[in-house]
Amino acid sequence: MGSGTGTFHETYAQDMAVFRSGLQWGIAVAFLVLLFTSPFFCSDRMLTILTMMGIAVISVHGLNILTGYCGQISIGHAGFMAVGGYTSAILAARLGVPFWVALPCGALAAGTAGLIFGLPSLKIKGFYLIMATIAAQFIIIWTILQLRSITGGPDGLSVPPPRIGNIALTSKANYFYLVMAAACVATILAKNIVRTRAGRAFIAIRDNDLAAEVMGVSLWNYKLQAFFIGCVYAGVAGSLLVHYFSFASTDMFPFMDSVWYLGMLIVGGMGSTTGAVLGAVALRLLDELVTMVGPILSAAVAPQAAASLGLIMHGLVIIIFLIFEPRGLAHRWEMIKTYFRLWPFSHQE
Amino acid sequence: MVFLLQLVITGFAQGMIYALIAIGFVIILKCSEVFNIAQGHFVLIGGYLGYTFLVTCGLPIWAALGAAIGTAIIMGLLIERLILRPLLGAPVLAVIMATIALATILGGLATLIWGAEYKAYHGLLPTVTLKVGALSIPSESLIGLIVSVVCVTILMLLFRYTKIGLAMRATAEDLQVVQSVGIRATTVYAVSWIIACVVGVIGGILLGGVSGANMELADVGLKAFAVVLLGGVDSIGGAIIAGIILGMLENVAAGYLDPLLPGGGLAQVFPFIVMIIVLIFRPYGLFGLARIERI
């Protein structure tokens with residue numbers, strides 16, 4: 001090992017490690033400690049924002065595996081979240097299934113829905129697949145509204161407050177711990193799924209699906225796996241969302257959210273686990289900014305300004321990132337790190 | 001039987017409007033290989049522009065139409081120059097996301113300018129009523145049918161007999177050859193976006209004249225996608241035929257099945273069901289070219 005001049009990898013295991021230096025371990029541990037102690041010094045409002053961020057992170061990880069790694073673009077992610085959310089809500093509210101059973105059931109249901117709507121992906125790609133997933137979003141929401149006797153239709157469905165064993169998760173802090181733990185597990189899993197055989201197959205399919213097939217990657221197998229994994233993530237996020245509000249309604253899974261999750265992925269950087277986290281956090285913060293500025297603007301300009309500001313902001317952010325930073329915040333983050341690693345000889349690379 | 005015929009005829013007229021909107025989509029796709037998700041939002045803007053020029057400004061119908069088309073041309077130019085030009089050569093996903101973002105921005109602008117409210121202005125378009133036996137053809141449908149047919153004819157003539165039309169057809173055929181003989185591809189792109197905006201806006205005024213302008217006009221764009229997929233994404237003739245088929249199917253299905261379903265609203269998901277079926281069984285549509293890929 002070098003004497004303070006740099007990090008040198010001598011074995012394959014070191015080369016493949018997620019955390020490559022003591023400093024990275026330290027930062028990760030410090031971040032986790034800060035995250036899990038935040039209920040002690042954060043206001044309720046801050047906790048709500050952080051909880052929503054955690055749910056968005058889980059959802060975007062799923063979309064990242066499906067779209068960022070496997071290249072199968074999905075604009076129906078909110079629809080798959082709705083499948084997960086409603087399944088666990090129905091199990092909990094109508095059948096009295098405990099929360100910790102309902103959540104994985106919801107995830108599996110969303111994964112199954114993903115498999116069904118992923119079937120067209122075996123024949124089509126690009127724009128055609130986008131249309132198929134948009135169709136999935138609308139068909140799912142319509143079906144939920146139709147099955148009124150089970151789902152409550154447009155009236156929504158009240159869900160009993162979640163509890164695990166004897167711990168009620170009704171307080172904001174308790175639910176925050178649950179969501180953050182789930183988000184951390186989701187992140188670790190996402191980071192590792194893409195380093196497995198399946199993950200490398202996903203990347204091969206994304207880069208050139210025909211070449212991948214010729215080299216022996218089974219498209220049938222891996223495309224459907226990507227859909228299943230991505231939608232299981234969506235299902236977990238959907239059930240967490242429903243149980244947080246103790247209420248399920250189709251308004252919680254609008255089409256615009258599907259677009260916005262893809263926006264988070266673009267802003268964060270596709271095909272990067274860090275990017276998924278960065279994107280979800282950055283755009284949720286932007287959302288908060290819009291909800292803070294909106295009322296001021298509404299009072300100053302016109303009553304509808306708040307609603308339109310949100311829409312215009314969403315669109316502009318996506319376009320600006322596509323034109324000026326197509327590789328997202330994750331790439332920018334790597335550039336900053338490289339700059340400081342080489343400092344003061346920053347022009348070397 | 002009369003009920004069925006009535007549904008078919010209304011569907012035919014509606015389908016012609018869908019076809020008109022879908023043509024805008026097909027032209028952009030053929031010329032610049034961009035999938036324009038924002039087509040429905042051009043319709044939305046068109047519906048509200050119709051309200052602004054006909055009701056707020058009180059212009060006569062021809063002047064309102066002219067003003068709306070003028071606005072559409074400016075809109076098309078701006079969109080191409082500011083959003084699509086910087087993304088030339090970007091991957092498919094980036095361009096599609098840009099048009100989705102464009103759709104969001106247009107929706108936001110419509111909310112800001114017109115307050116996302118329902119603006120009715122039916123009765124302002126000229127009325128013609130046609131009665132054939134027991135069938136009566138509603139005047140709005142007839143107007144929509146006539147205007148759509150006129151627009152499609154003009155577009156066909158444009159492609160057949162003008163220089164820019166020839167350039168557009170050539171660009172659709174082979175971009176490199178076109179550039180090597182000195183045709184500006186960017187001009188072709190700009191014109192294709194202008195045409196898409198204009199047909200979208202005209203479709204919006206026609207639909208707005210029937211049912212008023214509201215934010216749901218944008219959903220017509222989704223129907224246009226179903227039309228495009230059914231007809232084959234790169235076929236203008238396919239778009240027309242598929243538009244008529246979808247318009248009829250939608251009306252007939254809604255007329256017979258809606259009373260059976262408790263929630264109703266089958267008309268809203270119908271295009272998506274068509275879409276999924278087409279995508280699974282015949283992804284290149286009725287008249288599209290099946291692309292053979294090589295590594």
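The values are calculated or read from the model by the stated rules, or taken from the named source; none is laboratory data. Keep in mind that this is a model prediction, so the values were computed, not measured. Note that each Cβ is placed from the backbone with ideal geometry, even for glycine, and that neighbours are counted across all protein chains shown.
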Checked B:L206, B:L279 against criteria (within 14 Å of another protein chain (Cβ to nearest Cβ) and not small (G, A, S)); the one match is B:L279
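Inspect all residues belonging to the range A:285-292 and state whether any of them is buried (at least 22 other Cβ atoms within 10 Å of the Cβ) and within 13 Å of another protein chain (Cβ to nearest Cβ).
no
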Going by the structure shown, is A:Y244 at pLDDT 95 or above and under 26 Å from A:S171 (Cα atoms)? no
Per the filter on the range A:190-210, residues of a type in the set (A, V, I, L, M) and free of Cβ contacts under 8 Å to residues at least 60 places away in the same chain are A:A198, A:A201, A:A204, A:L210
Taking the conditions exactly as written (closer than 30 Å to A:T133 by Cβ, away from every other protein chain (no Cβ under 14 Å) and not hydrophobic (A, V, I, L, M, F, W, C)), does B:G70 satisfy them or not? no
Please work out if A:L316 is out of contact with any Lys or Arg (no Cβ under 9 Å at 6 or more places or on another chain), under 26 Å from A:K191 (Cα atoms) and within 9 Å of another protein chain (Cβ to nearest Cβ). no
So which of B:L82, B:L93, B:L102 ends up being at the interface with chain A (Cβ under 8 Å from one of its Cβ atoms), in a helix (DSSP H, G or I) and over 19 Å from the mean Cα position of the chain (by Cα)? B:L93
Options A:S249, A:S258, A:S239: the member that is under 12 Å from the mean Cα position of the chain (by Cα) and touching a residue at least 40 places away in the same chain (Cβ under 8 Å): A:S258
Quickly run through the range A:227-248 and pick out the residues that are surrounded by fewer than 21 Cβ atoms within 10 Å (Cβ to Cβ) and not in a helix (DSSP H, G or I). A:S246, A:F247
Could you please let me know if A:L322 is away from chain B (no Cβ under 11 Å), outside any loop (DSSP other than H, G, I, E, B), in contact (Cβ under 8 Å) with a residue 24 or more places away in the chain and under 27 Å from B:L84 (Cβ atoms)? no
Only helices (runs of 4 or more DSSP H) wholly contained in the range B:139-188 count here; list those with 2 or more residues that are touching a Leu at 6+ places or on another chain (Cβ under 8 Å) and over 30 Å from B:Q6 (Cα atoms). B:163-173
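Conditions tested, residue by residue: (1) modelled with pLDDT under 95; (2) under 22 Å from A:K172 (Cβ atoms); (3) more than 14 Å from chain B (Cβ to nearest Cβ); (4) surrounded by fewer than 24 Cβ atoms within 10 Å (Cβ to Cβ).
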position	(1), (2), (3), (4)
A:V57	no, yes, yes, no
A:V60	no, no, yes, no
A:G71	yes, no, no, no
A:G76	yes, no, no, no
A:V83	no, no, yes, no
A:R94	yes, no, yes, yes
A:V97	yes, no, yes, yes
A:L103	yes, yes, yes, no
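This table checks each residue for (1) surrounded by 18 or more Cβ atoms within 10 Å (Cβ to Cβ); (2) away from chain B (no Cβ under 14 Å).
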{"residue": "A:R163", "(1), (2)": "no, yes"}
{"residue": "A:A173", "(1), (2)": "no, yes"}
{"residue": "A:M180", "(1), (2)": "yes, yes"}
{"residue": "A:R206", "(1), (2)": "yes, no"}
{"residue": "A:L219", "(1), (2)": "no, no"}
Sort out which residues of the range A:122-131 are touching a residue at least 24 places away in the same chain (Cβ under 8 Å) and either surrounded by 24 or more Cβ atoms within 10 Å (Cβ to Cβ) or closer than 19 Å to B:E33 by Cβ (or both), and write them in order of number. A:K125, A:G126, A:L129, A:I130
Hey, among the residues in the range B:105-115 that are small (G, A, S) and either more than 7 Å from chain A (Cβ to nearest Cβ) or part of a loop (DSSP other than H, G, I, E, B) (or both), which one's surrounded by the most Cβ atoms within 10 Å (Cβ to Cβ)? B:A110
Surrounded by 23 or more Cβ atoms within 10 Å (Cβ to Cβ), within 11 Å of another protein chain (Cβ to nearest Cβ) and closer than 28 Å to B:A110 by Cα - does that describe any residue in the range B:249-271? yes
